[in-house]
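**Q** The structure that follows is given in the form of structure tokens.
Here, each number is a calculation from the coordinates, and none is a lab measurement. All values reported here derive from a predicted model rather than from experimental measurement. Here the Cβ is made from the backbone with ideal geometry for all residues, glycine too, and neighbour counts use every protein chain on show.
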Amino acid sequence: MIKRICYTLFASAILLSCKKDELGEVGEIPGLGGDTWAPTAIDAWISDSLTKPFNISVKYKWDPHEVSDQYILRDFVPPKEEVVTPLLSSIKKVWADPYIAESDSAFFKQHCPKFFTLYGSAIYNTSNGTKVLGIAEGGRKINLLEVNTFKTTQMAGYKASDSMQVKMAFHTVHHEAAHILHQTVMYPPDYKRISVGMYTTNWVNDTDESARQDGFITAYSKQDPNEDFVEMISMMLTEGKTGFDALVNGITGTSVNGTTAEEAKSKLRQKEAIVVNYFKTVWNIDFYSLQQRVRSATASYIY
């Protein structure tokens, strides 16, 4: 703190030694006079649909310093304004509305993330070949990345291939929001025992298909029990019961770790049962009903 104050005072002294006509008016110096802009229809929609009812704020104006320190040196592309409202509107319908219908607005307001920041591009980790599409910070903020490629069936120029990105955006929000739930009330310890000894930081070397052969719904689920738990929630919600069942029932063969197809299916069904029971006993939410609502909303934006 002392070093920071001293630096500020020293910098001020340098500025004061300059001639006034060299500096010009402070308001004319980029970054010092403050950015001014008139609220648009986007801001009105955010205020009426997210901020006023749920106290959720959204930042889409460009700020390269908004993400955490570990990502500051990354290159980001600003979000395109034309995708902001369609993106947020669809997220509200596939995430907020279903939860509110199954519980109430008070529950959602209490447990939802309070800040969203949008970025046009993704983060690519060259060290392990992964792509970051969402970052949760402190259980209250979600950074959504690569939003410039977001395009649903309700937007001009939509192609069937766009569905993957749409589903990934929905998946990311449900994933990060589920972290808040288990950070508020932890899931049963039995969940961690189902795949004990199989969690690994080398999940990046797996595919989703090979991970399922070991009883994980996605490769990312193998990172640790917490990620496993929220990946289960997100996949079950966005895929719907029919889609989730198809993924589980489609497991064949024996994994490289010696897990048989039946063992893998059993692990996933045990995890499913714990998720369903957790939602009922902790939050008094019928998970299968929530799942149906989320999938129905999701389906209206894809394919």
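**Q** By counting other Cβ atoms within 10 Å of each Cβ, how are VAL132, VAL83 ranked from fewest to most? Please list the in-between numbers first.
**A** Numbers: VAL132 16, VAL83 19.
Least to most surrounded, the residues fall as VAL132, VAL83.
**Q** Another one. Tally Lys/Arg at +1 and Asp/Glu at -1 over every other residue whose Cβ is under 14 Å from the Cβ of VAL256; what's the total?
**A** Details: positive: ARG212, LYS222; negative: ASP206, GLU209, ASP214, GLU263.
The answer is -2.
**Q** Applying 1/(1 + (r/R0)^6) with R0 = 45 Å to the Cβ-Cβ distance of SER121 and ALA101, what FRET efficiency is obtained, to the nearest 0.05?
**A** Numbers: r = 34 Å, r/R0 = 0.75.
Efficiency computed from Cβ-Cβ geometry: 0.85.
**Q** Need the full-extension length gain, GLU82 to ILE42, defined as separation in residues times 0.36 nm minus the C-alpha distance. One decimal, nm.
**A** Numbers: separation 40, 0.36 × 40 = 14.40 nm, distance 0.89 nm.
Difference between extended and current length: 13.5 nm.
**Q** Which pairs in the list LYS52/LYS222; LYS80/LYS141; LYS192/LYS241; LYS141/LYS222; LYS93/LYS265; LYS141/LYS265 are over 29 Å apart, alpha-carbon to alpha-carbon?
**A** Working: LYS52/LYS222 38 Å; LYS80/LYS141 21 Å; LYS192/LYS241 23 Å; LYS141/LYS222 24 Å; LYS93/LYS265 31 Å; LYS141/LYS265 34 Å.
Too far apart for the 29 Å limit: LYS52/LYS222; LYS93/LYS265; LYS141/LYS265.
**Q** In whole Å and largest first, what semi-axes does the C-alpha gyration tensor of region 185-303 yield when each eigenvalue is scaled by 5 and square-rooted? Present the calculation step by step, with values, prior to reporting the outcome.
**A** Working: eigenvalues 105, 62, 32 Å².
Equivalent ellipsoid semi-axes, largest first: 23, 18, 13 Å.
**Q** Between THR51 and LYS131, what FRET efficiency comes out of the Förster formula 1/(1 + (r/R0)^6) with R0 = 30 Å and r the beta carbon distance, rounded to 0.05? Walk me through the numbers before you get to the answer.
**A** Working: r = 30 Å, r/R0 = 0.99.
Once the sixth-power term is evaluated, E becomes 0.50.
**Q** THR149: net charge of surrounding residues, Cβ under 13 Å, Lys/Arg +1, Asp/Glu -1, itself excluded? Write out the running numbers ahead of the final one.
**A** Numbers: positive: LYS80, LYS131, LYS151, LYS159, LYS167; negative: GLU82, GLU146, ASP162.
Taking every other residue near THR149 into account, the sum is +2.
**Q** What's the extension gain from VAL204 to TYR158 if we count 0.36 nm per residue and subtract their Cα-Cα distance? Show your work: numbers first, answer last.
**A** Numbers: separation 46, 0.36 × 46 = 16.56 nm, distance 3.02 nm.
The span from VAL204 to TYR158 would gain 13.5 nm if fully extended.
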